[in-house]
Amino acid sequence: MSSGGRRTAAGTGLAAQRLLWAAATLGCFWGSAEAQLTGVLDDCLCDIESIDEFNNFKIYPKIQKLQERDYFRYYKVNLKRPCPFWADDGHCSIRDCHVEPCPESKVPVGIKAGSANKYSKIANHTKEFEDCEQASKLGAINSTLSNQSKEAFIDWARYDDSQDHFCELDDERSPDAQYVDLLLNPERYTGYKGPSAWRVWNSIYEENCFKPRSVYRPLNPLAPSKGEDDGESFYTWLEGLCLEKRVFYKLISGLHASINLHLCANYLLEETWGRPRWDHNVKEFTRRFAPTETKSEGPRRLKNLYFLYLVELRALSKVASYFERSIVDLYTGNAQEDMETKSLLLEIFRDTKSFPMHFDEKSMFAGDKKEAKSLKEEFRLHFKNISRIMDCVGCDKCRLWGKLQTEGLGTALKILFSEKEIKNLPENSPSKGFQLTRQEIVALLNAFGRLSTSIRELQNFRVLLQQTS
């Protein structure tokens, strides 16, 4: 990291931590120059060192606190939806694949769908009651709203049901949809691997990343042997794509890298007398990302993680004005908790807007209007298809976090492509031009929290690798 990019820490503890981090960053991951993650990323004007410092010392501590708040820790998900693309080949039978649903009695009253008592005036009529239940899913209204605002929120719910999304959304009213406490079901290595897992990722890459069948991804175990190619033909093809399709691939690759990083950082190292010990697995990290183990593919994937981080960071900065309005309450039923949660969220938004090197989404879909519109729709449908593939994941815990992070990225894309609608939002009432459901809000912030954790864990692995070298 350049000396101009560092600021002096106020406390000696923080200063020492930054010096340790800087030393680790300046060193190599694996003692090879090609393994370093430094410099400017492709397709944007931001360097990795600036992202590291911004995330690890400003964003990461705050996003961790936000994810512990009631509004963001409960996520409603249907883990029983059948795979729409191939016959179910069986679910993971390993104990750690299991997801423990949260009893509705434990879910804050303001979050639970169907808690229509706070709309009592309109709850007497059946049709209005159904609309009210629909609106209550949004979790952003409290009992102080005027009747006019309540009617507007009902219109909001109707509009949102008919709106084009980047993700295949779960039906929250399905009897199979359950609340999950994300803090009690952390993302970590479960042992789910092999043909079933590869089938999911292969379907994502081969069928949904604008890629011809004749071009094979590096290290694809399902591809025929390509001799000494080492993936160069793949990158020649990738560089020949338009920016939008190149970005799409990098987003998926970055998401894949981030998920793999989480598994390496929260790995079951041993289980003695029924007491498991989860921690960093340096060997697994090296196997997945070291250039010598991955034919230099690992560092490329980690750079795509940084690219994905920038895209979601940009979405947060763009959507800040949506949440700055007084009408958005992040409602759980606990007024003090809700106020503190929104205050922390707005603080994070202020930080995201202060970042000086954002991804420029205006460079996308900027050509001929008709062609741009067609490409944007193709982009959306490809991503929506990927969200459907998440219902084919055989491990429930992997499926939970895959669905959440995919929905979070889909929400970020929805934000980036809705700039005009966000700018025209009214202060004191919902707008039919742009809305976010509570599910989208929870997925957006938790997905970005996962990326923030990945960037932070890279720092931890840098230090661990230095200690073992």
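Read-outs throughout are calculated quantities, based only on the coordinates presented, and are distinct from any laboratory measurement. All of these numbers come straight from a predicted model, not from anything done at the bench. Backbone-built Cβ (ideal geometry, glycine too); neighbour counts: all protein chains shown.
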Ser343 paired with Lys106, simple spin-label distance in nm, labels 7 Å along Cα-to-beta-carbon: 2.8 nm
Calculate the FRET efficiency for Arg287 and Arg325 from the Cβ-Cβ distance with a Förster distance of 41 Å, rounded to the nearest 0.05. 0.30
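Determine the shape class of the stretch 369-469: with a ≥ b ≥ c the square roots of the Cα gyration tensor eigenvalues, call it rounded for a/c under 1.5, and otherwise prolate if a/b is greater than b/c, oblate otherwise. It would help to have the intermediate numbers written out before the result.
Values: a/c = 2.01, a/b = 1.71, b/c = 1.18.
Prolate, since a/c reaches 1.5 and a/b exceeds b/c.
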Rounded to one decimal in nm, the spacing of the 7 Å Cα→Cβ label points at Arg350 and Gln64 is 2.2 nm
Three-way shape label, the stretch 223-378, alpha-carbon gyration tensor, a/c 1.5: oblate
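I'd like the FRET efficiency for Lys295 and Arg173, computed as 1/(1 + (r/R0)^6) with the beta carbon distance as r and R0 of 45 Å, rounded to 0.05. Could the numbers behind the result be given before it?
Values: r = 48 Å, r/R0 = 1.06.
Efficiency, rounded to the nearest 0.05: 0.40.
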Can you tell me the FRET efficiency between Ser233 and Gln467 if r is taken as the Cβ-Cβ distance and R0 is 41 Å, rounded to the nearest 0.05? 0.60
Please turn the phi angles of the stretch 403-418 into ³J(HN,Hα) values with the Karplus equation 6.51 cos²θ - 1.76 cosθ + 1.60 (θ = phi - 60°), one per residue in order, whole Hz, x for glycine and proline. 5, 5, 6, 5, 5, x, 5, x, 5, 4, 5, 4, 5, 5, 9, 10
Using a basic spin-label model with each label point 7 Å from the Cα along Cα→Cβ, how many nm lie between Arg277 and Glu419? 5.2 nm
Could you tell me the extents of the stretch 277-349's C-alpha atoms along the three principal axes, largest first, rounded to whole Å? 53, 34, 15
Sort 61-67, 435-441 by the packing proxy (mean of other Cβ within 10 Å over each peptide's residues), most packed first. 435-441, 61-67
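Test of understanding: what is the full-extension gain from Cys242 to Asn460, defined as 0.36 nm times their sequence separation minus their Cα-Cα distance? Spell out each step's value before the answer.
Numbers: separation 218, 0.36 × 218 = 78.48 nm, distance 3.54 nm.
Extra length available between Cys242 and Asn460 comes to 74.9 nm.
Any idea what the relative contact order of the stretch 334-434 is, in percent, if you count C-alpha pairs under 8 Å spaced at least 6 apart? Mind showing how you got there, number by number?
Working: 27 pairs, mean separation 14.0, N = 101.
Reported as a whole number, the value is 14 percent.
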